[in-house]
1. Residues in region 40-78 that are exposed (fewer than 15 other Cβ atoms within 10 Å of the Cβ), under 14 Å from I161 (Cα atoms) and under 12 Å from the mean Cα position of the chain (by Cα): how many?
2. Select from region 127-165 the residues that are assigned to a strand (DSSP E or B) and over 14 Å from the mean Cα position of the chain (by Cα) and write down the one among them that is surrounded by the fewest Cβ atoms within 10 Å (Cβ to Cβ).
3. So the check is Cβ under 9 Å with 6+ separation or different chains; which pairs have a first residue in region 44-70 that's under 20 Å from L122 (Cβ atoms) and touching a residue at least 60 places away in the same chain (Cβ under 8 Å) and a second one that's basic (K, R) and surrounded by fewer than 20 Cβ atoms within 10 Å (Cβ to Cβ)?
4. Given the options G140, G124, G117, name the one that is over 12 Å from A78 (Cβ atoms), modelled with pLDDT of 95 or more and in contact with an Asp or Glu (Cβ under 8 Å, 6 or more places away or on another chain).
5. Could you tell me which residue of region 98-124 is surrounded by the most Cβ atoms within 10 Å (Cβ to Cβ), considering only residues that are among the hydrophobic types (A, V, I, L, M, F, W, C) and over 18 Å from E48 (Cα atoms)?
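The values are calculated or read from the model by the stated rules, or taken from the named source; none is laboratory data. Just so it is clear, the structure is predicted and the values come from calculations on it, not from any experiment. Cβ coordinates were reconstructed from backbone atoms using ideal geometry, including for glycine residues, and neighbour counts include every protein chain displayed.
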Amino acid sequence: MPKKTLLKIFAVLAVAAIAFASITTLGGEGTVSESAAGFPAVTANAGEAPTITPPTGPAPATLQTQDIIVGTGTEVQATSTLTVHYTLMTWSNGELIESSWTGGQPATFPLAGVIAGWQQGLPGAKVGGRRLLVIPAELGYGPNGSGPIGPNETLIFAVDIIAVS
């Protein structure tokens, strides 16, 4: 085979391997999941507040999701009302901004009433699961930011699905 053809095949295989690794779920009690080099790692201890390791490198330009713990209960739909625990970190500085775990009370809301990154990233998750969402600014709070979230900030959420109705 010509050298250029081999290089093209290798490049396609490398991209496929990276894509597969980014959607592969690592799980189990006490494990840490890291979807790709530089991405935040999230602990997988069910029923406990997650620990998120700050990311390194440039933020992704598109929504990234990964199931850290795969749930077995009711599946989230676009029209669902959710009860969740969540932890929010900003990509730019790895700062923990907010966590429902801190107050001890989960949040309940219709999925249709929150940021687009959640609306696009949570359907398909199931009760009992923990999903990592890495949300680019245009699917989060955009150029204006919101409260402690600065303009054009990429958001990192670890979301535990407690109930779906």
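1. 0
2. Filtering region 127-165 for residues that are assigned to a strand (DSSP E or B) and over 14 Å from the mean Cα position of the chain (by Cα), the one surrounded by the fewest Cβ atoms within 10 Å (Cβ to Cβ) comes out as S146.
3. Note: pairs meeting the criteria are D67/K126.
4. G140
5. My answer is W118.
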